[in-house]
Amino acid sequence: MHPVVKSFRNNFVEGRFAIVLTTLFVIVMRVVLFYKKGLPEISVADDNYLWDYISHLFDNPLISFISSTISVIIISWLLFTINNRYSIIRSRSNLPFIVPLYFLSLHPYCLVMTGNYIAIIFILFSFIPLLESYQKPNSYLYSFRSSVLIAVASLFQIYALFLITLWWIGERTMRGPQLHSFLASIFGAFLVYISLFSYCFVIDDIQAFLFPLANLIKFSIPDLPTYNIFEWLSVVFIAVFFIINIIFSAKEYARDKVITLNLMQFMIYLIIILLLLQIVYWKETLFFILLSVSMLSLICSYFYSRTTSKTHIYIAYSMILILLLFYLSHIFPDTFLIAQNLKTISTFQLFI
């Protein structure tokens with residue numbers, strides 16, 4: 001094994017104190033970003049059922065920041081637990097905890113407590129009955145549980161409703177199509193929403209039931225962002241990096257056990273659909289991209305836990321550095337703007 005690969009595995013993948021040290025490092029990152037940048041104004045409406053009743057509890061910026069940090073840690077812990085419980089990565093790995101914790105702490109938006117975090121937590125919990133149903137002949141109870149969890153997630157973020165239909169693809173990959181399971185999943189979502197409708201009917205406020213559902217038809221395809229050259233290059237590089245990771249991961253998990261293959265294929269399918277939905281609802285919510293990052297972190301964790309190529313490890317280090325620069329650009333925006341202007345002037349003088 002190449003020394004670079006061995007060092008990466010010893011320090012990050014299998015390091016005894018890697019999780020603790022990374023958690024402390026990320027908390028410091030979030031604290032610095034909070035005190036330097038503060039909490040951004042959320043321009044999206046995100047009108048939902050339960051979140052509207054509890055959102056005022058997080059009006060205080062400090063409470064919102066602490067709650068979002070705890071939520072990100074819970075999301076990372078859930079991905080780490082799912083991996084360990086079902087041995088998605090057959091070898092010991094800290095990355096399913098480290099990677100999402102790092103990815104979800106790079107932008108000021110991640111410091112704000114929103115219903116997105118609560119919805120993502122319930123959705124990640126719904127992966128447990130999905131994986132439990134693997135090769136089970138009678139799995140309608142697992143479908144029911146997953147559907148109920150996703151429906152509850154939609155009470156905090158209405159756009160999670162899309163996952164109820166998308167989840168059927170994952171259930172088919174785990175144990176094939178089953179009519180009873182399909183009906184059970186529909187019944188699970190129906191049970192949650194008929195209870196909600198009954199409550200709104202009793203308090204004579206049917207409009208409160210219908211209003212969040214109206215958000216599902218509020219399409220808002222974004223205009224082309226006015227980025228500078230540096231920002232466009234960063235966006236392109238990050239996109240290419242994740243596409244390459246998905247391709248490399250596909251080659252790796254294609255030789256792994258069936259449950260890992262099925263889960264990874266389902267996650268890639270979900271990520272593609274979620275990113276398309278994010279484009280359609282760009283001005284309405286950022287839920288889809290946050291959920292995509294959470295699932296993509298598990299795919300990246302899998303690949304860099306299994307790879308033995310020094311080239312792949314160099315790519316990982318490069319991505320860590322670029323994402324760190326992306327984080328620093330929010331703390332020192334003037335410095336990065338000056339650097340960009342100097343670069344532009346130098347390029348101009350070169351052509352002259």
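The values are calculated or read from the model by the stated rules, or taken from the named source; none is laboratory data. Predicted, not measured: the structure shown is a model, and the values here were computed from it. Note: ideal-geometry Cβ built from the backbone for every residue, glycine included; neighbour counts use all protein chains shown. Just so you know, the surface numbers come from the protein's heavy atoms only, side chains and all, with ligands and any DNA or RNA stripped out. Shrake-Rupley method; radii C 1.70, N 1.55, O 1.52, S 1.80 Å.
A few notes on this one:
- Failed item, numbered, when PRO225 is tested on (1) assigned to a helix (DSSP H, G or I); (2) modelled with pLDDT under 75: (1)
- Residue among TYR134, TYR109 that is of a type in the set (Ser, Thr, Tyr) and not in a helix (DSSP H, G or I): TYR134
- Test: residue in region 25-34 that is more than 23 Å from MET319 (Cβ to Cβ) and of a type in the set (D, E, K, R): no
- Residue list for region 1-32, restricted to those being more than 16 Å from ILE98 (Cβ to Cβ), assigned to a helix (DSSP H, G or I) and either open to solvent by 90 Å² or more (accessible area, probe 1.4 Å) or small (Gly, Ala, Ser) (or both): PRO3, LYS6
- Identity of the residue in region 45-82, open to solvent by less than 70 Å² (accessible area, probe 1.4 Å) and not in a helix (DSSP H, G or I), that ends up modelled with the highest pLDDT: TYR49
- Taken together, SER55, SER91, SER64 contain a single residue that is in contact (Cβ under 8 Å) with a residue 12 or more places away in the chain and within 23 Å of LEU298 (Cβ to Cβ), which is SER91.
- Filter pass, TYR304 being closer than 26 Å to VAL4 by Cβ and not in a loop (DSSP other than H, G, I, E, B): yes
- Any chance SER309 is over 19 Å from GLN157 (Cα atoms) and touching a Leu at 6+ places or on another chain (Cβ under 9 Å): no
- The residue list TYR86, TYR140, TYR102, TYR134 contains one member that is surrounded by fewer than 23 Cβ atoms within 10 Å (Cβ to Cβ) and under 13 Å from the mean Cα position of the chain (by Cα), which is TYR102.
- Exclusive hit being modelled with pLDDT of 85 or more, closer than 23 Å to LEU106 by Cα, in a helix (DSSP H, G or I) and open to solvent by less than 40 Å² (accessible area, probe 1.4 Å), set ILE271, ILE289: ILE271
- Lone unmet requirement of (1) over 16 Å from ASN245 (Cβ atoms); (2) touching a residue at least 60 places away in the same chain (Cβ under 8 Å); (3) more than 11 Å from the chain's Cα centre (by Cα) for PHE287: (3)
- Leading residue by the ranking (farthest from ASN83 (Cα to Cα)) among those in region 11-30 that are touching a helix residue (DSSP H, G or I) at 6+ places or on another chain (Cβ under 9 Å) and free of Cβ contacts under 8 Å to residues at least 12 places away in the same chain: PHE25
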